[in-house]
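Structure below; questions to follow.
Readers should treat all values here as calculations from the given coordinates under stated rules, not as data from a laboratory. Just so it is clear, the structure is predicted and the values come from calculations on it, not from any experiment. Note that each Cβ is placed from the backbone with ideal geometry, even for glycine, and that neighbours are counted across all protein chains shown.
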Amino acid sequence: MTSRKSHNSILFLTTLGVYLGLVLVGGTAPATLAHSATTRNFDIADEVEVKDDLDNKPDDERTPLSDSFGVYLQDVEIFLGNLRRLGSGGGFDAKKDAFEVAQSTLLPCVPANKVGSYTADSFVVSNEALRPALGWFSKRLTDGYSLADCLPNERFNGGEATASRFTLKFDRAAFSVEVEVKKQSRTEANRLFAELLRTYKLAAPGEKGTVRRQIYDSTSFKTSNDQVFIVTRLPRGSIDSLVAANAK
């Protein structure tokens, strides 16, 4: 397990431009979410770099799995907080709005990595006021929280890269976040799954009823062959209370 700037030398990139193109081409009606896909290779010099406090750590410094899981919970909580602020100003309606964002990412495992491949599968939103918040959260989800393994990849001429995918969705049934990472083998996937379960048991927020605790209680893990998934699913009806002005 490595930090967001370790063996992958991962930097958070603004990929909103890709999504803007998708929405211009596809439909945005809340009842029927349109889908489209595009793949984009780019150099980081052409993008906006977004750093966090982990960027200052040496490349060989390891981040405990508990820290990465904690960052994931924090990111989901901040996103819901952004929805709460939008809602207080009339920019978000939990009863009417809908969105779906999905992206696959390949990041080469090379020092000072500057190139990545991003496939935007969908970016559909019923309310344009939500676009900045969705763009922010998408950037946080881009690297799969450094859980994927470095594996040979044809897109980079056999060079090693990590593969991850995320889906962020709010529809009539639920608000959900799914992060999918590819491991070296089924054995490695099962190993990470077991580590995540142990980490989960030790990471329970102390105070019940808080937004963080509800996110935690609604998060689970699963495996499929050589892939591992982190899934958070909150029933749509619960979003009203989670984004209420007095939510803790």
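Divide, for the stretch 200-244, the radius of gyration over alpha carbons by 2.2 N^0.38 Å, where N is the residue count.
Working: Rg = 12.6 Å, N = 45, 2.2 N^0.38 = 9.3 Å.
For the stretch 200-244, the normalised Cα radius of gyration comes out at 1.35.
Multiply the residue separation of Asn225 and Phe193 by 0.36 nm, subtract the distance between their alpha-carbon atoms, and state the gained length in nm to one decimal.
Values: separation 32, 0.36 × 32 = 11.52 nm, distance 1.15 nm.
Taking 0.36 nm per residue and subtracting the Cα distance, the gain is 10.4 nm.
Also: Using θ = phi - 60° and the Karplus curve 6.51 cos²θ - 1.76 cosθ + 1.60, what whole-Hz ³J(HN,Hα) does each residue of the stretch 222-234 get, with Gly and Pro shown as x?
So the J values, rounded to whole Hz, are 8, 10, 8, 6, 9, 10, 10, 10, 10, 10, 10, 9, 10.
If you don't mind, another one. By average Cβ neighbour count within 10 Å, what is the ranking of 179-191, 147-159 from highest down?
Going from most to least packed, we get 179-191, 147-159.
Now, a different point. Grab the Cα-Cα distance for Ala203 and Arg85, subtract it from 0.36 nm times how many residues apart they are, and report the gain in nm with one decimal.
Numbers: separation 118, 0.36 × 118 = 42.48 nm, distance 2.69 nm.
The Ala203-Arg85 span can extend by a further 39.8 nm.
I would also like to ask the following. Find the Cα radius of gyration of the stretch 94-174, compare it with 2.2 N^0.38 Å by division, and give the number to two decimals.
On the way: Rg = 15.0 Å, N = 81, 2.2 N^0.38 = 11.7 Å.
Dividing the Cα radius of gyration by 2.2 N^0.38 Å gives 1.28.
What length, rounded to one decimal in nm, is gained on full extension from Ser185 through to Ala173, with 0.36 nm per residue of separation minus their alpha-carbon distance? Working shown, then result.
On the way: separation 12, 0.36 × 12 = 4.32 nm, distance 3.35 nm.
Length gained, Ser185 through Ala173: 1.0 nm.
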